[in-house]
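See below for the structure under consideration.
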Amino acid sequence: MTRTIPAPASSLYDDMEDEDNRRGPEPEDFHRLVRHLVADGDARAALAGRRARRTLAQMGATR
């Protein structure tokens, strides 16, 4: 009869990755996301005929 050894439920690598994920996105990932959102907002503004970004007050008025 052959016995199989069960696979470990969690490894050191998994623990390290979980800790990294708890810390949140890396700074370069965050900045890449913000640049993408700004570019998308600028493109949408151009389609709406706007050349300047909206102020915070204008954004609140549209909700």
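Tabulated values for the structure
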| quantity | calculated |
| --- | --- |
| Near pairs, Cβ below 7 angstrom, 6+ apart or cross-chain, from segment 32-46 (open to solvent by less than 70 Å² (accessible area, probe 1.4 Å)) to any residue that is modelled with pLDDT under 90 | Ala45/Arg53 |
| Residue ID - farthest from the chain's Cα centre (by Cα), chosen from residues in segment 10-31 that are surrounded by 10 or more Cβ atoms within 10 Å (Cβ to Cβ) and not in a helix (DSSP H, G or I) | Ser11 |
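The values are calculated or read from the model by the stated rules, or taken from the named source; none is laboratory data. Everything quoted here is computed from the prediction, not taken from an experiment. In this analysis, Cβ positions are derived from the backbone assuming ideal geometry, glycine residues included, and neighbour counts consider all displayed protein chains. Just the protein is used for accessible areas: all its heavy atoms, side chains included, with ligands, DNA and RNA removed. Shrake-Rupley method; radii C 1.70, N 1.55, O 1.52, S 1.80 Å.
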